[in-house]
C-alpha cells in the first residue's frame, strides 16, 4: 500500500477541489451555491475570511467595489461579510441588480483530512486555499490557488 506524503496530499486536495467544483450546483449569476460544511470557531472563521478577502483584494482591487453574495447563515458567511466591509467593500446580500460594476461572489468551506478547504468564486476568478484551524484562528497550509475564467475584460 502506497502512503501519500504531505505534498502528495496537498496535490490530491487541489485536484479534489477542482473535481468538486465541477459538481457544484449553480447559484445566482452562474456561480456556485455558497455552502459551509466544516465546523469553524468564530476565531477560525474570522482568520480565514480576513486572509481570503486580502487575497480577493489583490485580484479584484482594493475596497470601493460593491460585492454581492448570498450568505448561508454560517459563522464563516458572517465573518466574510464583516471582513469585506472592513476592507472597504460595499456589500449587498439581498438585492438583485444588473449593474456590471458589482462583483458577484460565492464561497465553499469544506473539511478535508483535518484541514479546511476554502474557495471564493467570482465570474472572473476562483481563489482556493487550505487552512489548519486552531484555538486562536487558522493558519494557511497551502499556497493560494488562482483560477482565471474567460477573458480579463468580462465580469
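Condition check: at pLDDT below 60 and either surrounded by 14 or more Cβ atoms within 10 Å (Cβ to Cβ) or not in a loop (DSSP other than H, G, I, E, B) (or both). Does residue 18 satisfy that?
yes
Rundown of residues vs (1) within 14 Å of the chain's Cα centre (by Cα); (2) surrounded by 11 or more Cβ atoms within 10 Å (Cβ to Cβ); (3) under 13 Å from residue 80 (Cα atoms); (4) modelled with pLDDT under 50, yes/no style:
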site: 13; (1), (2), (3), (4): no, yes, no, no
site: 22; (1), (2), (3), (4): no, no, no, yes
site: 25; (1), (2), (3), (4): no, no, no, yes
site: 32; (1), (2), (3), (4): yes, yes, no, no
site: 37; (1), (2), (3), (4): yes, yes, no, no
site: 43; (1), (2), (3), (4): no, yes, yes, no
site: 49; (1), (2), (3), (4): yes, yes, yes, no
site: 59; (1), (2), (3), (4): yes, yes, no, no
site: 68; (1), (2), (3), (4): yes, yes, yes, no
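The values are calculated or read from the model by the stated rules, or taken from the named source; none is laboratory data. A quick note: this is a predicted structure, and the numbers were derived from the prediction, not measured. Neighbour counts run over all protein chains shown; Cβ positions are idealised from the backbone, glycine included.
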